[in-house]
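What follows is one structure encoded as structure tokens, with my remarks underneath.
The values are calculated or read from the model by the stated rules, or taken from the named source; none is laboratory data. Please read all numbers here as calculations on a predicted model, not as lab measurements. Methodologically, a virtual Cβ is constructed for each residue, glycine included, from the backbone with ideal geometry; neighbour enumeration extends over all protein chains shown. When the accessible area is computed, the model is the full protein with side chains, heavy atoms only, and any ligands, DNA or RNA have been set aside. Shrake-Rupley method; radii C 1.70, N 1.55, O 1.52, S 1.80 Å.
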Amino acid sequence: MFTLIIEDKQGVVVDEYSFEDGEFIVGRSHQADIVLQSDNVSRRHARLFTRDGKCFVEDLKAANGIWLNGKRIYNTSELPKSAPLRIGDFFLHLEGASQPRSASSVVYARLTPVPGSIGVPTDLSQATVLVGRGKDCGIVLHDVSVSRIHAKVSRLPDGRITLEDLRSSNGTFVNDRRVENQELAHGDRLRFGTVAFTFLIDGLPAVTSDDLEGGDRGGRLIPPPTTPRRNALAAHPMTAADSGAPSALLAPPRSVLPQIALVAVIAVAAVCLIVLVGIAYDKWMASRPTATAPQTQDKPAPMTADVAQAATLDRGQFDVYLTRGQDAVARRQWDEAQDLFEKAKKIDTIHPRPTEALNLINREKRNGAKFTQAEAAFAKHDYEAAIQANKSISQDSVYRRDANTALEAIAGLLEMDGDSACLAKDWVKCQNLYLMAIATDFAKPEVNAKYGKAMKKHRQ
């Protein structure tokens, strides 16, 4: 097993990857397996791959090349352990595994796939477990929404368990909230792209899907459906041998049962009384004589198609539409999500969730259109229009992170073009390019200094 440690030019460790076998693309693009955000890193800069227990690096014809032990290499070379590999402003070091795999490792947690999702129940026993589509990951998920190296589950020395997103394309979610690094709790719902699991800490009672949906887990994009909550121990009975606790602790308290029965009897009696009073009132009103001529009454409005449809659907179908709509939102399938929430709204026009979701979807569709407009402008090298479109995206939008990445890349390109213009002594063009880079809000601090120097040269 290998561990790849990545340091920036100041020697600060910025990332770490563990793998045994596989192939990884290193570059600036978000489609790369190992992303290095720097202007002097190409979109597809290098390829790392393993063969016969050894790790190799290949230059993918990157503009700034790759350097191993201070020497530039042009083809494929073996990557020795601890040898510094420089790619742009980053140094990569290959080390041995910090903790070898062991069949006797103690299981500290489990991932159980939610109904309808792919994957198999998986025990977690290693201190670090990678999740992704690549065969080198400890948890392999064969789904297009999952990145090659998607996320990492870590058990810290103090016993806490964390989930870290490794710059995945479709995000890592805890209880339907996108996270970068999150401490996990028993019963959390984890989602990698569209593949969902329930996180269970070993030794604690099992958790049902109803228990997860009923409580406030926090951070949901849209609140959970209002489904009845059942007792987790009743849904998943455990024995004392299963849990390691006395069987008396697993049984429900006997003193509570009579109280529950009493409340149920009172509730049933109250309902029956209300029904009887209603029937008696209807008969009394029907038997009253009319003193005047009957008046024309308005006929009830005919049942519309929407009302007729809502009458045939039950609360379970309403919850199904909400759950499917929420998953469509997470996948940014806005039209599909809008259709599902509109169907839910037809069933229950009072419930606030469909309306809130539809408002969110409309906002994100507008933000998505702006991001598409920015990408089109960038492809045409119309950087000014691309900057304006990216900066107009809402700060709380799911497209905000993509827009910031695009602005950072544009700032780097404009700085390089400005440097070229300065070398050609085209001071006006040089200043304009630097100013445009500064307008992205993602330019490096030295761009301001370069702009000042260009102004002085232009005045001379």
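Within segment 20-43, is even one residue of a type in the set (Lys, Arg) and in contact (Cβ under 8 Å) with a residue 40 or more places away in the chain? If you could, list the steps in order and put the result at the bottom.
Looking only at segment 20-43, we keep the residues that are of a type in the set (Lys, Arg), and these are 28, 43.
Narrowing the set further to residues that are in contact (Cβ under 8 Å) with a residue 40 or more places away in the chain leaves 28.
Yes: segment 20-43 contains one or more residues that are of a type in the set (Lys, Arg) and in contact (Cβ under 8 Å) with a residue 40 or more places away in the chain.
What are the residues in segment 392-412 that are in contact with a helix residue (DSSP H, G or I) (Cβ under 7 Å, 6 or more places away or on another chain) and either assigned to a helix (DSSP H, G or I) or among the charged types (D, E, K, R) (or both), if any? Reasoning before the result, please.
Taking segment 392-412 first, the residues in contact with a helix residue (DSSP H, G or I) (Cβ under 7 Å, 6 or more places away or on another chain) are 392-394, 397-399, 402-403, 406-407, 410-411.
ASP402, ALA403, ALA406, LEU407, ILE410, ALA411, listed by residue number.
Table: residues versus (1) of a type in the set (Gly, Ala, Ser); (2) in contact with a helix residue (DSSP H, G or I) (Cβ under 7 Å, 6 or more places away or on another chain); (3) under 30 Å from ARG315 (Cβ atoms); (4) loosely packed, with under 15 Cβ neighbours inside 10 Å.
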site: ASN359; (1), (2), (3), (4): no, no, yes, yes
site: PHE371; (1), (2), (3), (4): no, yes, no, no
site: ALA376; (1), (2), (3), (4): yes, no, no, yes
site: ALA379; (1), (2), (3), (4): yes, no, no, yes
site: GLU384; (1), (2), (3), (4): no, yes, no, yes
site: ILE387; (1), (2), (3), (4): no, yes, no, no
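Look through segment 109-137, keep the residues that are among the hydroxyl-bearing types (Ser, Thr, Tyr) and outside any loop (DSSP other than H, G, I, E, B), and return whichever of them is least open to solvent (accessible area, probe 1.4 Å).
The initial filter retains those residues of segment 109-137 that are among the hydroxyl-bearing types (Ser, Thr, Tyr), namely 112, 117, 122, 125, 128.
Remaining after also requiring outside any loop (DSSP other than H, G, I, E, B): 112, 122, 128.
On the way: THR112: 49, THR122: 30, THR128: 60 Å².
If we take residues in segment 109-137 being among the hydroxyl-bearing types (Ser, Thr, Tyr) and outside any loop (DSSP other than H, G, I, E, B), then THR122 is least open to solvent (accessible area, probe 1.4 Å).
Residues that are open to solvent by 10 Å² or more (accessible area, probe 1.4 Å), closer than 19 Å to LEU79 by Cα and acidic (Asp, Glu): list the strands (runs of 3 or more DSSP E) wholly contained in segment 9-67 that include at least 1 such residues.
Details: elements: 13-19, 23-27, 46-51, 54-59.
Of the strands (runs of 3 or more DSSP E) lying wholly inside segment 9-67, those with at least 1 residues that are open to solvent by 10 Å² or more (accessible area, probe 1.4 Å), closer than 19 Å to LEU79 by Cα and acidic (Asp, Glu) span 13-19, 23-27, 54-59.
Within segment 103-119, take every residue that is more than 11 Å from VAL195 (Cβ to Cβ) and either modelled with pLDDT under 80 or of a type in the set (Val, Ile, Thr) (or both) and give me the one that is nearest to the chain's Cα centre (by Cα).
Residue satisfying both the conditions and the ranking: THR112.
Applying the selection to segment 402-428, what residues are touching a Lys or Arg at 6+ places or on another chain (Cβ under 9 Å) and within 25 Å of GLY368 (Cβ to Cβ)?
Those that are touching a Lys or Arg at 6+ places or on another chain (Cβ under 9 Å) and within 25 Å of GLY368 (Cβ to Cβ): ALA403, LEU407, ALA409, ALA411, GLY412.
Please count how many residues of segment 64-83 are modelled with pLDDT under 85 and within 33 Å of the chain's Cα centre (by Cα).
Summing the residues that are modelled with pLDDT under 85 and within 33 Å of the chain's Cα centre (by Cα) in segment 64-83 gives 0.
Please verify whether ASN367 is assigned to a helix (DSSP H, G or I) and open to solvent by less than 60 Å² (accessible area, probe 1.4 Å), treating the condition exactly as stated. Break it down into steps so the answer makes sense when it comes.
On the way: assigned to a helix (DSSP H, G or I): yes; open to solvent by less than 60 Å² (accessible area, probe 1.4 Å): yes.
Criteria met by ASN367.
Quick one: what pairs do we get from segment 65-93, first residue under 18 Å from LYS9 (Cβ atoms) and among the basic types (Lys, Arg), second modelled with pLDDT of 85 or more and open to solvent by 50 Å² or more (accessible area, probe 1.4 Å), C-beta under 8 Å, 6+ apart or different chains?
ARG86/TRP67
Considering ASP158, ASP176, ASP143, ASP188, which residue is charged (D, E, K, R), modelled with pLDDT under 90, touching a helix residue (DSSP H, G or I) at 6+ places or on another chain (Cβ under 9 Å) and more than 20 Å from GLU20 (Cβ to Cβ)?
ASP176
Conditions (1) open to solvent by less than 30 Å² (accessible area, probe 1.4 Å); (2) of a type in the set (S, T, N, Q); (3) within 41 Å of the chain's Cα centre (by Cα); (4) under 30 Å from ALA330 (Cβ atoms), marked per residue:
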position	(1), (2), (3), (4)
ASP396	no, no, yes, yes
GLU408	no, no, yes, yes
GLN431	yes, yes, yes, no
LEU435	no, no, yes, no
ILE438	no, no, yes, no
ASP441	no, no, yes, yes
PRO445	no, no, yes, no
ALA449	no, no, yes, no
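Within segment 138-187, take every residue that is part of a loop (DSSP other than H, G, I, E, B) and touching a His at 6+ places or on another chain (Cβ under 8 Å) and give me the one that is most open to solvent (accessible area, probe 1.4 Å).
So the first thing to find is which residues in segment 138-187 are part of a loop (DSSP other than H, G, I, E, B), and the list is 138, 141-150, 156-160, 166-171, 175-176, 179-180, 184-187.
Among the residues that remain, those that are also touching a His at 6+ places or on another chain (Cβ under 8 Å) are: 141, 166-169.
Numbers: LEU141: 4, LEU166: 5, ARG167: 81, SER168: 8, SER169: 58 Å².
By that ranking, first place goes to ARG167.
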